[in-house]
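J.: Take this structure first; my questions come after.
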């Protein structure tokens, strides 16, 4: 197989996937999203990056989505869809990435599937955001609608600070995404799902921060999910169309569980370290199976 990863040159995940692919005797290449080009000439339509024709590859793994204008992001999604139509396996599919990268769409899909999500209000102006702030109990988490690894997230529980925060976001033409703060013990559960099964799970501890991301100095320990927790993770992945996903579950102080996040470009460095699961190897094996 020829497997291409769309990733940064210094990505640890690129190196781990390359290791796993080479162990199995596959050709492996890396391409930068910004180097992709589409060609439509006569009866031929191809996608290539530098000297690699992605349309002729067996599989493309998406490991990053660089910042860009709306035009650039839409173009990238179009390229991934074009690859799929050419018979190339894209992990994850562009439809799944489009859903999971958008926190509002993800939350709406989860709620529609009957999954528990924190009370959420999404709007575009500070007046509506202040009304939502009061509606959500005066203690909210404000998140960028596009974002990952806890970046850009703020907890706001002071009305003056809330007003200034919402006004600033409004002036930058941002979408205001507010969730009721879920009081918890400082930890959550991360499950990594692939092909309809949980391949590994861990408990992440925030070490004094309400954000539990290991990338933000959190710590992790291996856990085995209960049958109910595993079902929630699998249903969340299915609701967003993700074949490969990281699902975050959070228990509140009263023992209620919520689905907090679905990540279509999940990290596994910490999970591999604490569980011993060769996630990259499992991913390559899945591509070999042609599922």
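J.: Which number in (1) at pLDDT below 95; (2) within 22 Å of residue 6 (Cα to Cα); (3) assigned to a loop (DSSP other than H, G, I, E, B) marks the one condition that residue 215 misses?
T.: (3)
J.: Which one of these is farther than 17 Å from residue 249 by Cβ, in contact (Cβ under 8 Å) with a residue 40 or more places away in the chain, assigned by TED's automatic domain parsing to the domain that holds residue 238 and surrounded by 14 or more Cβ atoms within 10 Å (Cβ to Cβ): 195, 139, 188?
T.: 195
J.: If you don't mind, another one. What's the total number of residues in the stretch 201-212 that are at pLDDT 75 or above and within 16 Å of the chain's Cα centre (by Cα)?
T.: The qualifying residues number 1.
J.: In the stretch 157-185, which residues are over 18 Å from residue 143 (Cβ atoms) and either outside the structural domain of residue 136 (by TED's automatic domain parsing) or at pLDDT below 95 (or both)?
T.: 185
J.: Please determine, by comparing only the residues of the stretch 218-240 that are at pLDDT below 95 and buried (at least 17 other Cβ atoms within 10 Å of the Cβ), which one is farthest from residue 277 (Cα to Cα).
T.: 218
J.: Being at pLDDT below 95 and buried (at least 19 other Cβ atoms within 10 Å of the Cβ) is the filter here; which residues of the stretch 8-33 pass it?
T.: 33
J.: Would you confirm whether or not the stretch 244-255 contains a residue that is within 24 Å of residue 8 (Cα to Cα), at pLDDT 95 or above, touching a strand residue (DSSP E or B) at 6+ places or on another chain (Cβ under 6 Å) and part of a loop (DSSP other than H, G, I, E, B)?
T.: Scanning the stretch 244-255, I find no residue that is within 24 Å of residue 8 (Cα to Cα), at pLDDT 95 or above, touching a strand residue (DSSP E or B) at 6+ places or on another chain (Cβ under 6 Å) and part of a loop (DSSP other than H, G, I, E, B), so the answer is no.
J.: Turning to a different aspect of this structure: Do you know which residues across the stretch 57-86 are closer than 25 Å to residue 16 by Cβ and surrounded by fewer than 13 Cβ atoms within 10 Å (Cβ to Cβ)?
T.: Scanning the stretch 57-86 gives 66, 67.
J.: Does the stretch 34-56 contain at least one residue that is under 19 Å from the mean Cα position of the chain (by Cα) and modelled with pLDDT of 90 or more?
T.: No, the stretch 34-56 has no match at all.
J.: Mind counting the residues in the stretch 110-120 that are surrounded by fewer than 18 Cβ atoms within 10 Å (Cβ to Cβ) and under 22 Å from residue 167 (Cα atoms)?
T.: Within the stretch 110-120, residues that are surrounded by fewer than 18 Cβ atoms within 10 Å (Cβ to Cβ) and under 22 Å from residue 167 (Cα atoms) number 1.
Condition check ((1) in contact with a helix residue (DSSP H, G or I) (Cβ under 8 Å, 6 or more places away or on another chain); (2) without any contact (Cβ under 8 Å) to a residue 24 or more places away in the chain) across all residues:
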{"site": "63", "(1), (2)": "yes, no"}
{"site": "67", "(1), (2)": "no, yes"}
{"site": "72", "(1), (2)": "no, yes"}
{"site": "83", "(1), (2)": "yes, no"}
{"site": "86", "(1), (2)": "yes, no"}
{"site": "92", "(1), (2)": "yes, no"}
{"site": "98", "(1), (2)": "yes, yes"}
{"site": "108", "(1), (2)": "no, yes"}
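The values are calculated or read from the model by the stated rules, or taken from the named source; none is laboratory data. Bear in mind that the values here come from a model prediction, so they are computed numbers and not experimental data. Cβ coordinates were reconstructed from backbone atoms using ideal geometry, including for glycine residues, and neighbour counts include every protein chain displayed.
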